[in-house]
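The values are calculated or read from the model by the stated rules, or taken from the named source; none is laboratory data. What you are looking at is a predicted structure, and each value in this text was computed from that prediction instead of being measured. No Cβ is skipped: glycine too gets one built from the backbone with ideal geometry, and neighbour counts run over all protein chains shown.
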Amino acid sequence: MRRKQKKQKGGENGEGEVGELIPIVLPPKHSIDLAPPEEGILRFEFTAEEQGPLGVRFGSGFPPLILSVTADSLAGKKGVPAAHEVHAINGLALIPQNKEVVLPCLKARPVTFDVRPQGWKPPEKARAIARIKAMEEAEKGARMEVEIHRREQVATEKKEQQERDAADKVVKDAQQAELREQAIKVAKEARAQSRAKVEDFRALIEQDPEELRNAANALMEASYGSSIGNSKALPLRFFTRRSEVAWHWMGNVMELIGGGVNEDEDSWDA
């Protein structure tokens with residue numbers, strides 16, 4: 001606290017006039033008159049017998065930061081820590097409004113010197129911040145638990161779906177394999193039947209006399225308009241022994257030569 005006193009000056013005319021204001025610094029309080037320091041605040045007291053510089057170098061910021069403490073100084077012997085902020089002088093907080101009052105107190109004795117760690121907050125505020133942080137952590141934990149449960153559920157459903165897909169694939173592959181085996185069996189049976197039919201047909205036509213068979217071949221292979229010497233009459237069935245001229249080949253009905261539907265571009269000469 002600081003008081004200002006008016007000082008009277010006598011003029012030549014004998015009338016008093018108001019002079020300059022002289023600051024008066026109240027005598028410092030003893031530490032026993034101060035409230036106990038808050039939690040986290042370190043208090044150091046220097047008595048009237050401890051005269052001289054404290055041995056502390058302060059930063060230019062506000063509140064002042066203790067940049068260094070001389071080891072064999074008054075402050076060094078009492079263990080004043082560096083890298084701490086000045087919290088209060090003689091119970092007065094180190095705020096800009098109190099600067100002109102508290103700083104001169106550092107040179108006076110006795111003086112009570114309170115310092116705090118950087119980032120210090122009043123206990124009640126710190127507890128409120130801790131409560132808020134705890135609530136946030138709890139909410140975060142709850143959200144994480146929900147997210148973990150969701151991911152586990154998704155993973156379980158995905159695994160179950162994969163198992164169902166794998167089971168379906170096994171069934172489908174088995175069905176396809178069965179169908180493939182059936183198709184192979186049917187194809188083999190069809191080929192066997194075809195081979196049997198061919199052999200039966202060939203055996204049938206081979207029963208005809210060789211002379212007649214040779215005559216039929218000569219007639220079918222002769223050029224158009226050529227004459228076949230000594231040709232004999234041949235039964236019509238002899239012409240069924242060649243697939244390219246037959247209309248009935250191994251039990252299958254073939255298209256007649258010249259048969260089918262005429263197309264627009266078809267032509268013939270009479």
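Listed values, structure above:
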item	result
Selected residue (only one of Lys140, Lys159, Lys197 is surrounded by 12 or more Cβ atoms within 10 Å (Cβ to Cβ) and either at pLDDT 95 or above or over 30 Å from Pro64 (Cα atoms) (or both))	Lys197
Those residues of the range 53-96 which are small (Gly, Ala, Ser) and either at positive phi or surrounded by 16 or more Cβ atoms within 10 Å (Cβ to Cβ) (or both), in sequence order	Gly55, Ala75, Gly76, Gly79, Ala83, Ala88, Gly91
Pick from the range 106-126, criterion charged (D, E, K, R) and loosely packed, with under 13 Cβ neighbours inside 10 Å, ranking: nearest to Leu94 (Cα to Cα)	Lys107
Segments classed as strands (runs of 3 or more DSSP E), wholly inside the range 1-92, with at least 1 members that are at pLDDT below 50 and either touching a Lys or Arg at 6+ places or on another chain (Cβ under 7 Å) or small (Gly, Ala, Ser) (or both)	2-10, 16-25
Residue pairs meeting the criteria (Cβ under 8 Å; at least 6 apart or on separate chains; first farther than 16 Å from Gly52 by Cβ, in the range 102-117; second of a type in the set (Lys, Arg))	Thr112/Lys29; Thr112/Arg43; Asp114/Arg43
